[in-house]
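See below for the structure under consideration.
The values are calculated or read from the model by the stated rules, or taken from the named source; none is laboratory data. None of these values were measured; they are calculated from a predicted model. Cβ placement follows ideal geometry from the backbone for every residue including glycine, while neighbour counts extend to all protein chains displayed.
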Amino acid sequence: MVHIRVINPNTARAMTESIGHCARAVAEPSTVVTAVNPSMGPESIESHYDEALAVPGLLAEIAAGEAAGADGYVIACFGDPGLDAARELASGPVVGIAEAAMHAATLLGRDFSVVTTLARTTGRTRDLAARYGFADACRGVHACDIPVLELDDPSSNARKVVADLCASAVDRDGCDSIVLGCAGMASFCADISRRVGVPVIDGVAVATKLVESLVSLGLRTSTRGEFARPGPKKYAGLLRDFSV
Ligand code: 5HY
């Protein structure tokens with residue numbers, strides 16, 4: 001039995017439920033998926049400020065996972081917030097959904113395009129593509145300009161808007177696959193795949209399977225160097241409880 005803790009780093013419970021549903025849909029029957037979100041932090045992550053303030057809550061959920069015996073973790077936010085810090089804290093593997101989706105895309109073709117939420121997040125997506133070695137493979141990053149929390153609001157028509165943008169991205173960029181740029185788009189994946197004629201990649205599903213595979217292979221983050229557990233240190237003020 002593998003226990004995976006899927007962490008939605010924002011505080012939107014309904015979104016966490018949807019993410020958990022998508023992760024369980026692809027996990028092995030013997031895998032236990034616990035979908036959680038912090039009780040502190042931003043209700044959605046759409047800026048560098050949001051992302052920075054989401055990290056303490058994310059790390060608190062990693063610490064809670066360690067206490068609960070989790071074998072591995074998925075960071076279910078397309079900015080992969082706090083990924084390095086989470087790897088220092090977790091005894092099992094930690095995979096971000098952007099990292100997972102981009103790796104999968106390059107296993108399925110030469111290049112990919114990303115369809116994300118707000119235009120202001122496209123820079124972060126390009127930073128991650130470069131960090132993961134996919135700057136050349138990332139043909140385009142396209143924003144649908146629908147806020148994260150409106151993606152599951154039927155009146156926003158988000159599913160159609162995102163599908164249309166995926167189809168036009170394939171035409172404009174000539175990319176081999178599409179990466180969905182938000183955990184809130186995970187439930188759109190099957191419909192859009194039927195429509196656009198190229199692989200459409202949801203990072204929640206890929207990251208869940210990657211963590212499951214790494215755990216079943218007995219593989220975890222190397223603790224020899226930069227991802228070794230941080231030494232004891234005092235933290236003051238609001239963060240006083242974050243001493244490790
Ligand atoms: C996400 N924000 O996946 C990102 C998407 C984005 O709250 N969950 C969020 O717009 O960067």
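Considered as a group, the residues in region 96-131 that are part of a loop (DSSP other than H, G, I, E, B) and within 16 Å of the ligand (Cβ to nearest atom) include one that is nearest to Ala158 (Cα to Cα), and that residue is Thr117. Taking residues in region 136-157 that are at positive phi, and partners anywhere that are among the aliphatic types (A, V, I, L, M) and modelled with pLDDT under 95, not one pair has Cβ atoms closer than 9 Å while being at least 6 places apart or on different chains.
Restricting attention to region 8-17, the residues that are more than 11 Å from the ligand (Cβ to nearest atom), touching a residue at least 24 places away in the same chain (Cβ under 8 Å) and either farther than 23 Å from Asp241 by Cβ or touching a helix residue (DSSP H, G or I) at 6+ places or on another chain (Cβ under 7 Å) (or both) total 1. For region 205-224, the criterion of being more than 29 Å from Ala63 (Cβ to Cβ) and part of a helix (DSSP H, G or I) is met by no residue. One residue stands out among those in region 176-219 that are hydroxyl-bearing (Ser, Thr, Tyr) and within 16 Å of the ligand (Cβ to nearest atom): the one that is surrounded by the most Cβ atoms within 10 Å (Cβ to Cβ), which is Thr208. Out of the residues in region 79-93 meeting the condition of being part of a helix (DSSP H, G or I) and within 16 Å of the ligand (Cβ to nearest atom), tell me which one is nearest to the chain's Cα centre (by Cα). Ranking the qualifying residues of region 79-93, first place goes to Leu83.
Scanning region 29-52 for residues that are among the hydroxyl-bearing types (Ser, Thr, Tyr), closer than 14 Å to Cys77 by Cα and more than 8 Å from the ligand (Cβ to nearest atom) yields one hit, Ser47. Considering (1) among the small types (Gly, Ala, Ser); (2) near the ligand (Cβ under 10 Å from one of its atoms); (3) more than 30 Å from Arg139 (Cβ to Cβ), the lone condition that Gly57 does not fulfil carries the number (2). Pairing residues of region 49-66 that are over 11 Å from Pro9 (Cα atoms) with residues that are assigned to a helix (DSSP H, G or I) and not small (Gly, Ala, Ser), at Cβ distances under 9 Å and at least 6 apart in sequence or on separate chains, gives Ala63/Leu89; Ala63/Phe242; Glu66/Leu89.
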